[in-house]
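To start, the structure under review is shown below, and the notes come after it.
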Amino acid sequence: MKETDVTAKVVPRELRRHGHVRTDDYYWLRERDDPDTLAYLEAENERTKTTLAHLRGLEETLFQEIRGRIKETDMSVPYKRDGYYYYTRYEEGKEYPLYARKRDSLDNPEELMLDVNLLAEGHEFFVVGGLAVSFGQDLLAYATDVQGRRIYTIRFKDLATGETLTDVIPEVTANVTWANDNHTLFYARQDPETLRSCRIYRHLLGTDPAEDALIYEETDDTFSAHVFKTKSRRYLMIVSSQTLSNEFRYLDAGDPTGEFTVFLPRERDHEYAVAHFEDRFFIHTNHEAKNFRLMAAPLDRTGKEDWQEIIPHRPDVLLEGFEVFRDHLVLEERRDGLMRIRVIPWSGAEEHYLAFDEPAYLARVSMNPEFDTTVLRYGYTSMTTPNSVTDYDMVTREKTLLKQEEVLGGFDAGDYRTERLHATAQDGARVPISLVYRKGMERDGGSPLLLYGYGSYGHSLDAGFGSARLSLLDRGFVFAIAHVRGGEEMGRQWYEDGKLLKKKNTFTDFIVCAEHLIAQRYTSKERLFAMGGSAGGLLMGAVVNLRPDLFKGVVAQVPFVDIVTTMLDPDIPLTTGEYDEWGNPNDKAYYDYMLSYSPYDNVEAREYPHMLVTTGLHDSQVQYWEPAKWVAKLRAVKTDRNRLLLKTQMEAGHGGASGRFKRHRETALEYAFLLDLVPSPE
């Protein structure tokens, strides 16, 4: 088909539910293998290439600039486990990592476990996941995906000989865990249609994977299952998870053929997680604690009646996580939208918080595989501070900076400024905004500003560093994050106020943040841009329907924009497991509410901003046809002549291209699109 025929093709299909009839003219785009579908996607790619042809020089400049800030020969901070120092390193000019280790001392010779560059040869897309070293430290299990659909193949390597074993386990997830007998691996397999991880298997090295024992099957299609080993390495854990509920099963890791025991049966609205230390299990739970609390239980009595409270619930503090050491308990707490790290000695000595001075930042407990240490490793970043790894002595309170991401090209953090603001929502809620810009920016409304948002699944967007972003800041942009409801920045209630029948708060919060930034003269309507991906792409679709006049341009990355049709289809990935996030549209109340904001269903004959929409043909999270249909419908009905572009990665999935540098080709395209739309100074 010619491009004009493809983009104009209309095949009406009536979709009926609750007595309501919707006509979907572009339902045919769901046929992945239909030549017309592929022709449509290729034609849209060609349209994008042609429309932006004048930006190829800028795009290449941006890509080289972004790549030029990355230290090509680099290495992660090693961590020690069972006598080995493990680390990841990169070599100049190579796209993929090398996984390596050294025995006893960093001065000893390197043992190269895996060179992903060699494995990736001949593949347009390549990802390694699920790396797991056996209990005896001599075997490596790893999973590879060559398509981007998160369907992996597990392979094994003998680290003593360098030999790749003959065992191959295809069509699984990247979730792998060794038992302590050094030859039994537990792994998770997904449903082939929905890709829901739902079956846990046991594989004995040297046996036929087709005969692997099915250990557990999660039959509730709103739950998924995975397997892991506790930090103590004493227990194997199978956890079944759903938006509002968890259920753990445990087994002595030294007895892989034994029976798993249910820790606590699942209950509606009860989320919990379990860790082990010495003679106790620690339980992170929201039982009678909206913002979670920490409990402990004896190893042989795990019912709630035997739980002992360690850290009580607090209405103004969200307990996000914890780390147990021999002499200390470390908590990750979120208060007023910012992460705090709290150190509590088991001895009863004075507790304290680590001090962080910037107005917006992200601090997280890092890799801490050992119990018997007084040193806590944590990560820190802000919008002006590159990612850093620090060792903190919990007794002396001394900090040792081990590594800070090196940003090449003359970067100086002192050239930039970060701020934290608050916008007031329609119902009085104070919505945080984190922003960064180059010093010297005048608040006169003349600066372009890119506002980023997400606002779903309780995922908090923290104020971290991005070296690629400097290409915008150095060209006069302000970059801002709207911490809208649906995330968990301000506690659990912040999440609950941005989901289900309160989902529209996410969209209106983003809009009031945009309006506040204009009112405070950080930018103007003519220079305001928006960006979001996946569920953040849903946010983009909703706000351009609600306030298309507010933004000059929008980048919607792999956007979840056809929410009603998707949530009515239990046979595709991420539907049944998300009823408690969006609502079950088989219930009329949820159907009507979702339909009222679904970006695809609310496209109208009106003017829209300039828009760049991206997707991946093999996306397992947001199927490619959602953005493809959305663009087709927008093009058919919108009344403006603004740019509307669809870019499909034909060899990738939800995360875009693989490779350390290659992925920034898309970043450069997006930045060039935005920069080209900035009006000339008056």
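Odds and ends about this structure:
- Proportion of all alpha-carbon pairs of region 73-122 beyond 14 Å (%): 50 percent
- Distance (nanometres) between label positions extended 7 Å along Cα→Cβ at A160 and F661: 3.9 nm
- Label separation (M75 vs D138): 2.6 nm, computed from points 7 Å beyond Cα along the C-beta direction.
- Computed E for R233/E607 - FRET, C-beta separation, R0 60 angstrom, nearest 0.05: 0.50
- In this Cβ point-charge picture (+1 for Lys and Arg, -1 for Asp and Glu), the chain has a dipole of about 1820 debye about its Cα centre.
- C-alpha center-to-center spacing [region 56-98, region 144-166] in angstrom: 22 Å
- In degrees, nearest ten, helix 535-546 long axis to first principal axis of the chain (Cα): 30 degrees
- Computing FRET efficiency as 1/(1 + (r/R0)^6) for E124 and D415, where r is the C-beta to C-beta distance and R0 is 41 Å, gives about 0.60.
- Entries of K290/K502; K499/K588; K304/K502; K504/K647; K231/K499; K290/K503 with Cα pairs more than 22 Å apart: K304/K502; K504/K647; K231/K499
- Over region 163-246, volume per residue of the alpha carbon convex hull, in Å³: 111 Å³
- Nearest-20 debye value, region 73-122 charge dipole, Cβ charges on Lys, Arg, Asp, Glu: 280 debye
- Counting only DSSP H runs of at least 4 residues, each contributing -39500 (n - 2.57), and dividing by the residue count of the chain, the helix-based mean residue ellipticity at 222 nm comes to -5000 deg cm²/dmol.
- Selection from L205, S240, G659 lying farthest towards where the dipole of the chain points positive, charges on Cβ: G659
- Separation of region 493-569 and region 389-465, taken as the distance between their Cα centroids, equals 20 angstrom.
- Dipole of the chain, positive direction: furthest Cα of G303, P386, Y187, with charges on the beta-carbon: P386
- For K629, K9, the sequence from fewest to most other C-beta atoms within 10 Å is K9, K629.
- Which of P78, L114, A100, positive extreme of dipole for region 73-122 (C-beta unit charges): P78
- Net lengthening on full extension, L299/S596 (0.36 nm per residue, minus Cα-Cα): 102.0 nm
- The angle between the Cα long axis of helix 625-637 and the main principal axis of the chain comes to about 10°, on a 0 to 90 degree scale.
- Dipole magnitude for region 105-222: about 200 debye, using +1 per Lys or Arg Cβ and -1 per Asp or Glu Cβ, origin at the Cα centre.
- For the pair Y353 and D82, the difference between a 0.36 nm per residue extended length and the Cα-Cα distance amounts to 94.6 nm.
- 5 angstrom amide H check on Y79, placed H, neighbours 5+ away: Y86
- Approximate spin-label separation D269-V637, in nm, with each point projected 7 Å along Cα-to-Cβ: 3.8 nm
- FRET efficiency, R397 to E370 (Cβ-Cβ, R0 25 Å, nearest 0.05): 0.80
Every number here is computed from the coordinates shown, using simple stated rules; none is lab data. The shown structure was predicted, so the numbers you read here are calculated from the model rather than taken from an experiment. As a convention, Cβ positions derive from the backbone with ideal geometry for all residues, glycine included, and neighbour counts pool all protein chains shown.
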